[in-house]
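The values are calculated or read from the model by the stated rules, or taken from the named source; none is laboratory data. All of these numbers come straight from a predicted model, not from anything done at the bench. Methodologically, a virtual Cβ is constructed for each residue, glycine included, from the backbone with ideal geometry; neighbour enumeration extends over all protein chains shown. The protein model used for the area step is the full one, side chains on, heavy atoms only, and it has no ligands, DNA or RNA in it. Shrake-Rupley method; radii C 1.70, N 1.55, O 1.52, S 1.80 Å.
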Amino acid sequence: MSTERAEPGLGVDAKPDTLRASSAASPSPLPVPRRKLRIALVAGEASGDGLGAGLIKALRARYPDAEFAGIGGDAMRNAGCETWFDASELALMGLAEILRHLPRLLKLRKEFRQRVLDWKPDVFIGIDAPDFNLGVEKWLKQRGLRTVHYVSPSVWAWREKRAEKIGASADLVLCLFPMEPPIYARHGIDARFVGHPMADEIPLENDRAQARAALNIPDNVPVLAVLPGSRLGEVSRLGPPFFAAAWQLCEQMRHLHIVVPAANAKCKAMIIEQIRTAALPSARVHLLDGRAREAMIAADVVMLASGTATLETMLVKRPMVVGYRVAELTYRIVSTLGLIKVNRYALPNVLAGKDLAPELMQHDCTPDNLSAAVSQWFEHPERVAALQGDYVRLHQQLRQDASARAADAVAGLLDTAAKQGQP
C-alpha cells in the first residue's frame with residue numbers, strides 16, 4: 001500500500017512535483033484594481049454651494065482618492081469638484097423667470113442626468129434645490145443609482161405627505177433640523193439629523209463693539225438692523241412697512257441708528273428709493289453692500305423677513321421682530337386650501353416650540369405693529385437677557401459638525417451597499 005498522502009481535490013497518483021509544475025505553468029490572475037470612488041453632486045445656489053464644499057472636504061478626508069463632479073459654484077470647485085455646469089444656471093426665482101427659462105432648464109436636466117448615468121457614480125447627492133434635484137434623483141434611483149438629498153424641504157410646515165414623494169427620490173435624506181427625521185420615519189424613510197453648518201461656523205459669542213467699528217457705527221447709540229429680504233419681490237412688499245416702522249422708531253428714539261444690508265445691486269437700488277420715500281434721516285442710516293451678519297451683530301434689535309436670516313439672527317444672539325408678506329392671491333389660495341400646517345413660521349420659534357420672536361404676517365405686518373414690537377425689545381432689556389439662554393441652547397443643539405456627520409451618513413450608505421455586494 002502506498003504511503004503517499006492524497007492532496008485535497010487531487011487523485012492519489014498526483015505527485016508534488018507535478019503539482020508544482022502545474023502551478024508554475026498557470027499563475028493566479030492579478031487582482032483587477034478597483035476604480036476610484038465617484039460622487040456626483042448638484043447645488044443650485046450660494047448656500048447649497050457652501051454646503052457642498054463642506055461635504056466634499058469631509059468626504060475627501062474619508063476617501064482621499066474620490067472623484068467629485070456635477071453642478072456647483074466656486075466653493076465646490078475650490079473643494080475639488082469638477083463642475084459640468086455652474087450653479088448659477090439653476091439659481092432662478094419666481095414663476096415668471098422659471099417659465100421664461102423652462103426650455104433651457106429642461107434641456108440642461110436631460111443632458112445632465114444622462115451624463116451622471118454614463119459617469120456611473122457610486123452615489124448622487126442633490127443639495128437643496130428640490131424643484132430640480134428631486135426629479136433628477138428619482139430618475140437616477142429608478143435606474144439603480146444610490147441617491148441622497150441634503151437639506152430637507154420644509155415638510156414640517158407644508159403637507160407632510162410630501163415626505164413620501166421625497167422618499168421615492170432619495171435613499172437617504174440629510175436634515176438640518178432635529179424635528180425633521182421623525183416626520184420621515186412615519187413614512188418609513190431613512191432621514192438623519194446632521195446639524196446646521198451655520199451653527200458650526202458662528203461662534204457662541206459675538207463682539208458687538210468690533211462689528212460696529214468695522215461698519216463705522218457709533219458704539220454708544222441704539223442700533224436697529226433692517227433686513228427686508230434678499231429678493232426683489234420680498235423687498236418690494238416688505239421694504240415700505242419696514243422703513244415706515246423705522247421712521248416711527250427714529251421719531252421716538254432720537255439717537256437711533258439704522259443699518260441696512262442690501263443683498264445685491266438690484267435690491268440696493270430699490271431700498272434706496274424706499275428709504276427716501278420713508279424720509280428716514282440719512283445721517284442715521286447705514287446702507288451696506290451685503291455684510292448682513294455684521295449688521296446683525298452690530299445691532300441691538302433686528303427687524304427682518306421670515307427665512308434663513310432668522311436662524312442667523314438667533315445664532316448671533318440678537319432679539320428680532322419677524323415680518324412677512326406674500327402676494328395677496330397666493331395668501332388667499334394657501335389660506336383657503338389649508339396648505340400651511342404650522343402656527344409658527346420663524347425658525348427660532350419652530351425650533352424652540354415657543355414664541356421667542358414676534359411674528360407679524362401678511363395683514364398684521366404694518367408699520368404700527370412692527371414699531372411697537374421693536375420698541376418692546378429696546379424698552380425691556382431684561383427680556384433680551386432672558387432670551388440668551390434659549391438662544392445658546394438652540395445653537396448648541398444645531399452645532400453638530402454638520403459636514404462631518406453628513407459625510408458619515410453618506411459613507412454608511414456606501415458601506416451598506418458594499419456589504420450587500422451592490423455595484
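Regarding residue 216, is this residue open to solvent by 20 Å² or more (accessible area, probe 1.4 Å), outside any strand (DSSP E or B) and touching a residue at least 60 places away in the same chain (Cβ under 8 Å)? Spell out the reasoning first.
On the way: open to solvent by 20 Å² or more (accessible area, probe 1.4 Å): yes; outside any strand (DSSP E or B): yes; touching a residue at least 60 places away in the same chain (Cβ under 8 Å): yes.
Answer is yes for this residue.
Do you know which of the residues in region 121-135 that are at pLDDT 95 or above and either among the hydrophobic types (A, V, I, L, M, F, W, C) or over 18 Å from residue 81 (Cβ atoms) (or both) is surrounded by the most Cβ atoms within 10 Å (Cβ to Cβ)?
Looking at residues that are at pLDDT 95 or above and either among the hydrophobic types (A, V, I, L, M, F, W, C) or over 18 Å from residue 81 (Cβ atoms) (or both), I get 125.
Given (1) touching a Gly at 6+ places or on another chain (Cβ under 6 Å); (2) open to solvent by 10 Å² or more (accessible area, probe 1.4 Å); (3) not polar (S, T, N, Q), where does residue 268 come up short, assuming only one miss?
In the conditions (1) touching a Gly at 6+ places or on another chain (Cβ under 6 Å); (2) open to solvent by 10 Å² or more (accessible area, probe 1.4 Å); (3) not polar (S, T, N, Q), residue 268 misses (1) alone.
Here are 61, 53: which of them is of a type in the set (Gly, Ala, Ser), assigned to a helix (DSSP H, G or I) and open to solvent by 50 Å² or more (accessible area, probe 1.4 Å)?
Values: 53 fails: open to solvent by 50 Å² or more (accessible area, probe 1.4 Å).
Going through 61, 53 in turn, just one is of a type in the set (Gly, Ala, Ser), assigned to a helix (DSSP H, G or I) and open to solvent by 50 Å² or more (accessible area, probe 1.4 Å): 61.
Among the residues in region 351-364, are any outside any loop (DSSP other than H, G, I, E, B), open to solvent by less than 50 Å² (accessible area, probe 1.4 Å), touching a strand residue (DSSP E or B) at 6+ places or on another chain (Cβ under 7 Å) and of a type in the set (Gly, Ala, Ser)?
no
Of the residues 92, 145, which single one is at pLDDT 95 or above and in contact with a Leu (Cβ under 9 Å, 6 or more places away or on another chain)? Explain how you work it out, then say what you get.
Details: 92 fails: at pLDDT 95 or above.
After applying the criteria, what remains is 145.
Can you confirm whether residue 166 is under 20 Å from residue 141 (Cβ atoms) and part of a loop (DSSP other than H, G, I, E, B)? Reasoning before the result, please.
Numbers: under 20 Å from residue 141 (Cβ atoms): yes; part of a loop (DSSP other than H, G, I, E, B): no.
When the stated conditions are applied, residue 166 does not pass them.
Among the residues of region 222-244, are any touching a Phe, Trp or Tyr at 6+ places or on another chain (Cβ under 7 Å), modelled with pLDDT of 95 or more and surrounded by fewer than 20 Cβ atoms within 10 Å (Cβ to Cβ)?
Among the residues of region 222-244, at least one is touching a Phe, Trp or Tyr at 6+ places or on another chain (Cβ under 7 Å), modelled with pLDDT of 95 or more and surrounded by fewer than 20 Cβ atoms within 10 Å (Cβ to Cβ), which makes the answer yes.
Taking region 140-162 as the search range and keeping residues that are open to solvent by less than 40 Å² (accessible area, probe 1.4 Å) and not in a loop (DSSP other than H, G, I, E, B), which one is farthest from residue 406 (Cα to Cα)?
140
So residue 284 ticks every box in (1) over 19 Å from residue 378 (Cα atoms); (2) buried (at least 17 other Cβ atoms within 10 Å of the Cβ); (3) charged (D, E, K, R) but one. Which box is left unticked?
(1)
For region 163-189, which residues satisfy the criterion of being under 23 Å from residue 55 (Cβ atoms), open to solvent by 40 Å² or more (accessible area, probe 1.4 Å) and acidic (Asp, Glu)?
Matches in region 163-189: 171 only.
Of the conditions (1) touching a helix residue (DSSP H, G or I) at 6+ places or on another chain (Cβ under 9 Å); (2) in a helix (DSSP H, G or I); (3) over 16 Å from residue 300 (Cβ atoms); (4) among the small types (Gly, Ala, Ser), residue 188 satisfies every one except a single condition; which number is it?
Among (1) touching a helix residue (DSSP H, G or I) at 6+ places or on another chain (Cβ under 9 Å); (2) in a helix (DSSP H, G or I); (3) over 16 Å from residue 300 (Cβ atoms); (4) among the small types (Gly, Ala, Ser), residue 188 violates only (2).
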